[in-house]
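Below is one structure, written out as structure tokens; comments come after it.
The values are calculated or read from the model by the stated rules, or taken from the named source; none is laboratory data. None of the values given here were measured: they were computed from a predicted structure. Cβ: placed from backbone, ideal geometry, glycine included. Neighbour counts: every protein chain shown.
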Amino acid sequence: MSLEVKHLSFAYDKRTILHNMSFTAHSREVLSILGPNGVGKTTLFKCVLGLLSDYTGNIMVNGFNASQLSARELAKQIAYVPQRSEPIFNFSVNEIVLMGTTNELKLFSSPGQSAQAKVDRALERLGISDLAHRCFHHTSGGERQLVMIARALVQNASVILLDEPTANLDRRNQLLVLEQIKSLAEEGYAVVQTTHDPEHSYMYSDKILTMKDGAVLSYGSPEEI
């Protein structure tokens, strides 16, 4: 299980955003992509997720060429946790997580008992079963991130992308989320997170990729970086 990016470049309106990026994220590893805001981290994720398709280079997910996968097929390989999530409607935590199972549903069908069982296991795995029936809007910042990670888990994808997962959290919740992320990697997931916090990278990562001006500045273990 892995995510492999080879010579990835992307330009928007003739302005280069990403330049010749190459790296690999393996199972049982946390790869932190470290760099200041505006360096291209989010654009990189959009390319991997298929939201931006006019890039050059190759993105391979578990041996599949990501550009040749449909959105549904890609969702079976990669789960994504955004920096913030603010649903318009007043969904419960259980309903938010249940939405992660839709990649396995047929058209016009709805989640059944097996999907709910996945939700129950994910909530229990992250220690937030007691939040199941709480309104998502009534959870703390740290709890919301754990809910979004639970939603990613029920996709049954082996690669998890997290965009600034500890942004806007207090110190306690930052450590809570990072410890869960590290635990997921130990269970076999390939985890890639973006961050602009060097301390978090060194404390919780197996590999670090630093970016500057849309390119790889350095890539290796925390000790090497």
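Looking at region 5-38 only, could you name the residues that are over 20 Å from Ser205 (Cα atoms), surrounded by 17 or more Cβ atoms within 10 Å (Cβ to Cβ) and either of a type in the set (Asp, Glu) or modelled with pLDDT under 95 (or both)? Full working, then the answer.
To start, the set of residues in region 5-38 that are over 20 Å from Ser205 (Cα atoms) comprises 6-20, 38.
Right, trim to surrounded by 17 or more Cβ atoms within 10 Å (Cβ to Cβ) and you get 8, 10, 17-18.
Residue satisfying the conditions is Ile17 alone.
Residues in region 178-224 that are among the aliphatic types (A, V, I, L, M) and out of contact with any Pro (no Cβ under 9 Å at 6 or more places or on another chain): Leu184, Ala185, Ala190, Val191, Val192, Leu209, Ala215, Val216, Leu217. The set of residues from region 183-221 being within 20 Å of Val5 (Cα to Cα) and assigned to a loop (DSSP other than H, G, I, E, B) comprises Gly188, Tyr189, Ser205, Asp206, Asp213, Gly214, Ser221.
Residues Phe45, Phe64, Phe23: which one is within 18 Å of Pro222 (Cα to Cα) and of a type outside the set (A, V, I, L, M)? Let's see the steps before the verdict.
Numbers: Phe45 fails: within 18 Å of Pro222 (Cα to Cα); Phe64 fails: within 18 Å of Pro222 (Cα to Cα).
Step by step, each of Phe45, Phe64, Phe23 is checked, and only Phe23 is within 18 Å of Pro222 (Cα to Cα) and of a type outside the set (A, V, I, L, M).
Listed conditions (1) under 27 Å from Ala71 (Cα atoms); (2) over 11 Å from the mean Cα position of the chain (by Cα) are all met by Ile128, apart from (1). For region 13-51, a residue qualifies if it is free of Cβ contacts under 8 Å to residues at least 24 places away in the same chain and over 18 Å from the mean Cα position of the chain (by Cα), and the qualifying residues are Asp13, Lys14, Arg15, Gly38.
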